[in-house]
Structure formats: structure tokens, C-alpha cells
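These notes are about the structure you will find just below.
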Amino acid sequence: MVWVPGVDEVPMSVLAFHGRSEAGVVIKKGGPVSTALWEKKAGDKFWVRGPYGHPFSVGHHHKLLVVGGGTGLVPLISWLLNESKDHHFKLVFATDDGTYGEKNQVPKVVDHVLKEGTFDAIYTCGPEPMMKLVYDLAMQKRCHIQVSLERVFKCGIGICAACVIGPYLVCHDGPVFSERELSGMPEFGKTRRDLSGKRVPLGAGH
Ligand SMILES: Cc1cc2nc3c(=O)[nH]c(=O)nc-3n(C[C@H](O)[C@H](O)[C@H](O)COP(=O)(O)OP(=O)(O)OC[C@H]3O[C@@H](n4cnc5c(N)ncnc54)[C@H](O)[C@@H]3O)c2cc1C
């Protein structure tokens with residue numbers, strides 16, 4: 001949880017690597033907190049508490065398809081470089097407008113990759129509509145999947161229930177959930193709760 005005094009506190013992924021004393025956040029400039037962070041200069045301060053929740057867990061999965069979109073790439077890069085750095089990677093870049101990598105939507109790339117090979121599991125973090133399509137593909141292929149969800153976090157430690165989805169609190173029980181947990185979340189890919197706790201369609205504003 002990243003707090004800019006006088007502005008607000010929001011959840012952020014942390015970029016941190018084993019054996020390195022520095023850590024970072026990668027910010028998509030949008031509203032008040034991300035803009036305040038964006039405008040910080042060397043020597044300025046902000047506050048961080050955490051880390052909280054449960055990360056991706058490798059278990060017995062060896063061949064992984066890791067699918068990121070937007071700032072969802074941040075925890076995946078951190079996780080890949082810390083946990084899988086001795087493994088071989090094949091990277092595929094795609095952008096909707098073709099300005100980097102292939103011109104394609106991520107779920108279509110995933111569909112193509114899944115037709116070409118088999119994987120023990122898929123790990124994904126990014127926009128929820130993207131993750132829902134990737135989840136549906138994983139279910140069709142009977143492939144394990146772990147999905148990192150984004151919701152409104154207020155306390156970040158499982159007390160306030162602002163991030164409730166199905167029987168779970170995303171900040172405490174997640175943000176990473178398995179296909180078994182996701183199957184008990186009818187809201188996944190459809191609705192979320194706004195800042196007042198009201199359930200709204202996924203694409204609606206705060
Ligand atoms: C697990 C997780 C990891 C994230 N990692 C990153 C990251 O690495 N980089 C990044 O740029 N963004 C990340 N986000 C998203 C980031 O928390 C939101 O985009 C946040 O809204 C940014 O706040 P803002 O004030 O800039 O903008 P706006 O989205 O315009 O929000 C306006 C205000 O609404 C409230 N608000 C909005 N969303 C949330 C929220 N999810 N929780 C609590 N309050 C909220 C805050 O008061 C905020 O100031 C992450 C979110 C989650 C749940």
C-alpha cells in the first residue's frame with residue numbers, strides 16, 4: 001500500500017529483487033495518487049506498508065505461460081526475475097495498435113500459443129477483461145491458471161472488506177487466485193465494487 005500524505009493511499013505492486021537493496025514502483029499516471037507519485041523528484045518521500053497477500057506460487061508447474069497487460073506486467077516481471085531466473089524464456093510482445101511487437105490483442109496471442117504447445121499452468125495479471133478471456137481459454141484447454149485480481153483496497157489487511165469478491169477478500173486471500181477459487185466468484189470478469197462498496201459493471205468509473 002503506497003501512501004502519499006495529503007492525497008490518499010492505494011495498492012501498488014512492488015518491483016524488488018533478491019539481493020538488491022533498492023525497490024521500486026511502476027506508475028501509470030492517472031488520478032491523484034499516481035500523479036503525485038509521478039511528480040516526485042529525487043529525495044522526495046512517500047510511504048509504503050506491506051507487502052500483503054499471496055503471490056503466484058510455482059508448486060509443481062514447470063512449463064508456464066505468463067500473460068501480462070499494462071501495469072499487470074510489474075508483479076510478473078518481479079516474480080519472473082526472482083523465482084524463474086534460471087529458466088529459459090520465450091517472450092512475445094503484442095500491442096493493440098501494433099506500435100510494439102505484433103499487432104494483436106493479448107487473448108488472441110494466448111489462443112495461438114496454446115494451439116502450438118501445452119503448458120502446466122498460466123499465470124496472468126492485467127486488465128480483468130483480458131484475464132477473463134485468458135481464463136476461459138485455460139478452462140477450455142483444462143490448463144491450471146492463477147489470476148491476480150485488482151479491486152479497491154482500503155485497509156489492505158482483510159478488515160474493511162472493500163475488496164470482497166465471492167467469499168474472498170482480494171487483499172488478504174489474493175490478489176492471486178487459482179481456478180478453483182475463481183470458479184466460486186461469479187463477479188469475476190463482470191462486476192466489481194466502487195469506492196462506496198456498490199457493485200458496478202467492470203468498466204464503470206470509481
Ligand atoms: C494489487 C494491485 C496492484 C496494483 N499495482 C499497480 C502498479 O504497479 N502500478 C499502477 O500504476 N497501478 C497499480 N494498481 C492500480 C492502482 O492502485 C490504481 O490505479 C489507483 O486507482 C491509482 O490511484 P489514482 O489516485 O492515481 O487514480 P484513480 O484511479 O483515478 O483513483 C482515484 C481515487 O480513487 C481511489 N481508488 C481508486 N482505485 C483504488 C484502489 N484500487 N484501491 C483503493 N483506492 C482506490 C483512491 O482514492 C484514488 O486516489 C494496482 C492495484 C492493485 C489492486
* Identify all residues within the range 48-86 that are without any contact (Cβ under 8 Å) to a residue 60 or more places away in the chain, among the β-branched types (V, I, T) and more than 11 Å from A121 (Cα to Cα); write none if there are none. => V48, T71
* Asked: With (1) surrounded by fewer than 19 Cβ atoms within 10 Å (Cβ to Cβ); (2) without any contact (Cβ under 8 Å) to a residue 60 or more places away in the chain; (3) not in a loop (DSSP other than H, G, I, E, B) as the list, and A138 as the residue in question, which single condition is left unmet?
  -> (1)
* Asked: Given the conditions (1) touching a helix residue (DSSP H, G or I) at 6+ places or on another chain (Cβ under 7 Å); (2) surrounded by fewer than 17 Cβ atoms within 10 Å (Cβ to Cβ), and given that G126 satisfies all but one, which numbered condition is not satisfied?
  -> (2)
* Asked: Can you name the residue in the range 167-203 that is open to solvent by 40 Å² or more (accessible area, probe 1.4 Å) and in a loop (DSSP other than H, G, I, E, B) and is also nearest to Q140 (Cα to Cα) among such residues?
  -> S183
* For the range 141-161, how many residues meet the condition of being surrounded by fewer than 16 Cβ atoms within 10 Å (Cβ to Cβ) and β-branched (V, I, T)? -> 2
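The values are calculated or read from the model by the stated rules, or taken from the named source; none is laboratory data. Here the structure is a predicted model, which is why all the values come from computation and not from measurement. We place every Cβ from the backbone using ideal geometry, glycine too, and count neighbours over all the protein chains shown. These area figures cover heavy atoms from the full protein model, side chains too; ligands, DNA and RNA do not enter into them. Shrake-Rupley method; radii C 1.70, N 1.55, O 1.52, S 1.80 Å.
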